[in-house]
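Remarks on the structure that follows.
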Amino acid sequence: MKLPERFEQEMKELLREDYPAYRDSLSVPPGHGLRVNENRISTEDFLMLWEKSGGAPLLPVPWIHNGFFVPEEASLSGHPFYHAGLYYLQDPSAMTPAEVLPVEAGDYVLDLCAAPGGKATELCAKLRGTGLLYANDISASRAKALKKNLELFGAQQAFVTAEEPERLAEHFPEFFDKVLIDAPCSGEGMFRVQPKMMQYWEENGPEAYAPVQKELLESAAKLLRPGGLLLYSTCTFSVLEDEAQIDGFLQRHPEFSFEPAAAYEGFSSLPDRYGLRTDPRSEIRIYPHRMRGEGQFLALLRKAGEHVPYPPRPVLPWSRKEEQYLLPEGHLPVPGIHYLMTGLFLGTKKKERMEYAQSCAMTRTKENWPVCLDLPLSDARVLKYLRQETLALTEEEAERLSAAPSGRPSGKKEKAPDVLVMTEGFPLGFARRSGLILKNRRNPAWRILS
C-alpha cells in the first residue's frame, strides 16, 4: 500500500520507533466485528443461541463488553439473526466511543453525527428502554439508513433528525445529559479498509475538516447540560483533528475538563513532545499495530455544574392524521425540526383495521402480540419470508393461528390481527393469513436478495 508522502512523514514523526510496526500492520487483513444488541438479548444468551445454531466462531473484543471478532470470510449480513436485529456489524475500534460514553438508564442522549447508526444503536440499547435518544445526521439521505438500523434494533425511545448542529443547539439548549460527536474527519485510520480515503486525503487533508469539527464542538457545548458528558471521536491520527482540537476547545470553554475513561491494554496517547494540553486517562488513541482494529481517537470531557437527572415521564400516545405513534418520555416533536423518526411508529389507522408498521413488529414479542408464528432457524420459510415471498402454512399451523386470541373486545367485527413472523423467538415482521397462505407484510425496502 502506497501512502501519501506527507501522511507517511507525519506518522513517522508521531510513532518514531513504532512506525515500522504500523506500516507492516497495513498489509494484515483488517478485523471484522459483531456487537450484540442487548436491547433484545443478553450477550450470554446470544452466544448460547449462536453456538446452538452453528454460527461462525466468535472471539471477544477485549475492550468491548458485547463485541466479538468474526472470521473474515463469514458473511453475516444475510443471516436471519441480523435481520431480527440481534447484532450490528462494525469495526471493533468503531465500537469504542459508544462503549466509553457511560450512558445510564433515564439519560437524554444525543448522537450528533449518527449515520449509519453503529454507535446510535448501542447508545439506545444502553438506555434499556428508558430516557431519550436523539440521533442526528446533517444528511437526510444518510439519516434514512440510520432510521432503518434503529428500527431494526427495536428502538422505541429514539428520534432521528437531519439538522445542522447549530440549529439543534438553538432548539435544545442544555438539554442532553450525554453527547457523542463522531466527527467527520480525514479518515487516516481507515486507509487499510478504504484505500480510496487516501485520494480524498490528498485532495483535502486534515485542514479541510478541522473547522467543521470546531463547529460541532461549539454546538455540543450549548446542547450539553451542566454536569453532562461529551465524547468526541474521529477515525484519524491527525493531531490537528484530535488532541489539538480538544486543546483549543478547552481553551475556549474553561467550564469543560477531562473526565477519566476506562483504560484497556493497547490504548495509546499522544507523546508529550507535541506540547498540547492532553490527558492520557481521557484521550485514547487506537493504532492497528497495537490493537486488532482500525485507527480511532476519543476524548471524554465533563461540563461543570451539578447534574440533576430528569424525572421519568410516561410514554405519550400521539397521532399525526391517521398515523399512530408512541413518544418516549412524553417528548413531543419540536416544530421547525426535520424529523425522520419520532419515537415508535405503530402504524396507520384505516377504516377497517390498523395497518401495523415494520417498526412496530420489531418491538413485539410472544407476550405482547396475540398471533405469532415462530419458525426454527432451519426452516426454509425464514429466508423465504426475508425475501418478501408468501409462506405456505401446514393445516396444524393454520388451525393454531385461527384459535389464537385476537386481543380485541368481544362482539366487534374486526378483521383478524396480522401474524407476527419470528425465528427462534425473535421478530422479523408481519404477515396476513389467508387460508393456508401467509401474505408477506415485511417492509419491502428491507427485502434481502439472496
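The values are calculated or read from the model by the stated rules, or taken from the named source; none is laboratory data. Everything numeric in this text was worked out from a predicted model, so none of it was measured. Note that each Cβ is placed from the backbone with ideal geometry, even for glycine, and that neighbours are counted across all protein chains shown. When the accessible area is computed, the model is the full protein with side chains, heavy atoms only, and any ligands, DNA or RNA have been set aside. Shrake-Rupley method; radii C 1.70, N 1.55, O 1.52, S 1.80 Å.
Got at least one residue in the range 1-14 being buried (at least 22 other Cβ atoms within 10 Å of the Cβ) and touching a helix residue (DSSP H, G or I) at 6+ places or on another chain (Cβ under 8 Å)? Before the answer, list the steps.
Filtering the range 1-14 for residues buried (at least 22 other Cβ atoms within 10 Å of the Cβ) gives none.
Checking the range 1-14: not a single residue is buried (at least 22 other Cβ atoms within 10 Å of the Cβ) and touching a helix residue (DSSP H, G or I) at 6+ places or on another chain (Cβ under 8 Å).
If you scan the range 300-337, which residues turn out to be more than 22 Å from Leu168 (Cα to Cα) and crowded, with 19+ Cβ neighbours inside 10 Å?
Of everything in the range 300-337, those that are more than 22 Å from Leu168 (Cα to Cα) and crowded, with 19+ Cβ neighbours inside 10 Å turn out to be Gln324, Tyr325.
Quick check on the range 254-270: of everything there that is touching a Lys or Arg at 6+ places or on another chain (Cβ under 8 Å) and open to solvent by 30 Å² or more (accessible area, probe 1.4 Å), which residue is nearest to Phe7 (Cα to Cα)?
Here is the first cut: in the range 254-270, the ones touching a Lys or Arg at 6+ places or on another chain (Cβ under 8 Å) are 255-261, 263, 266-270.
Then keep just the ones that are open to solvent by 30 Å² or more (accessible area, probe 1.4 Å); that gives 255, 257-260, 263, 267, 269.
Details: Glu255: 34, Ser257: 30, Phe258: 29, Glu259: 30, Pro260: 30, Ala263: 28, Phe267: 22, Ser269: 19 Å.
Restricting to residues being touching a Lys or Arg at 6+ places or on another chain (Cβ under 8 Å) and open to solvent by 30 Å² or more (accessible area, probe 1.4 Å), the top hit is Ser269.
Can you find a residue in the range 356-372 that is of a type outside the set (Asp, Glu) and free of Cβ contacts under 8 Å to residues at least 12 places away in the same chain?
Step one: filter the range 356-372 for residues of a type outside the set (Asp, Glu), giving 356-366, 368-372.
Then keep just the ones that are free of Cβ contacts under 8 Å to residues at least 12 places away in the same chain; that gives 368.
Checking the range 356-372: at least one residue is of a type outside the set (Asp, Glu) and free of Cβ contacts under 8 Å to residues at least 12 places away in the same chain.
Sort through Glu259, Glu265, Glu243, Glu255 and tell me the only one that's within 21 Å of Tyr209 (Cβ to Cβ) and of a type in the set (Asp, Glu).
Working: Glu259 fails: within 21 Å of Tyr209 (Cβ to Cβ); Glu265 fails: within 21 Å of Tyr209 (Cβ to Cβ); Glu255 fails: within 21 Å of Tyr209 (Cβ to Cβ).
Unique residue meeting the criteria: Glu243.
Return the residues of the range 163-221 that are of a type in the set (Gly, Ala, Ser) and outside any helix (DSSP H, G or I); say none if nothing qualifies. Even if it seems obvious, please write down each step before you answer.
First, pick out the residues of the range 163-221 that are of a type in the set (Gly, Ala, Ser): 169, 183, 186-187, 189, 205, 208, 210, 219-221.
The answer is Ala183, Ser186, Gly187, Gly205.
Checking the condition in contact with a Gly (Cβ under 7 Å, 6 or more places away or on another chain), open to solvent by 30 Å² or more (accessible area, probe 1.4 Å) and outside any strand (DSSP E or B), which residue from Ala94, Ala105 passes? Let's see the steps before the verdict.
Values: Ala94 fails: open to solvent by 30 Å² or more (accessible area, probe 1.4 Å).
The match here is Ala105.
Consider the range 358-401. How many of its residues are in a helix (DSSP H, G or I), among the acidic types (Asp, Glu) and open to solvent by less than 70 Å² (accessible area, probe 1.4 Å)? Break it down stepwise before answering.
First, pick out the residues of the range 358-401 that are in a helix (DSSP H, G or I): 358-361, 381-386, 395-401.
From what's left, among the acidic types (Asp, Glu): 395-397, 399.
Keeping just the survivors that are open to solvent by less than 70 Å² (accessible area, probe 1.4 Å) gives 397.
Qualifying residue count, the range 358-401: 1.
Is it fair to say Val419 is modelled with pLDDT of 95 or more, of a type in the set (A, V, I, L, M, F, W, C) and under 25 Å from Tyr325 (Cα atoms)? Can you show your working first?
Details: modelled with pLDDT of 95 or more: yes; of a type in the set (A, V, I, L, M, F, W, C): yes; under 25 Å from Tyr325 (Cα atoms): yes.
Yes.
Looking at the range 165-194, which of its residues are more than 30 Å from Ser27 (Cα to Cα), open to solvent by 10 Å² or more (accessible area, probe 1.4 Å) and under 20 Å from the mean Cα position of the chain (by Cα)?
Pro165, Lys178
Can you find a residue in the range 280-287 that is open to solvent by less than 80 Å² (accessible area, probe 1.4 Å) and farther than 30 Å from Tyr200 by Cβ? Quick ask: steps written out before the conclusion?
Of all residues in the range 280-287, those open to solvent by less than 80 Å² (accessible area, probe 1.4 Å) come to 282-287.
Imposing the further condition that a residue be farther than 30 Å from Tyr200 by Cβ reduces the set to none.
The answer is no; no qualifying residue exists.
Which residues, taken from the range 32-60, are in contact (Cβ under 8 Å) with a residue 40 or more places away in the chain, among the aliphatic types (A, V, I, L, M) and either under 23 Å from Glu294 (Cβ atoms) or not in a loop (DSSP other than H, G, I, E, B) (or both)?
Matches in the range 32-60: Leu34, Val36, Leu49.
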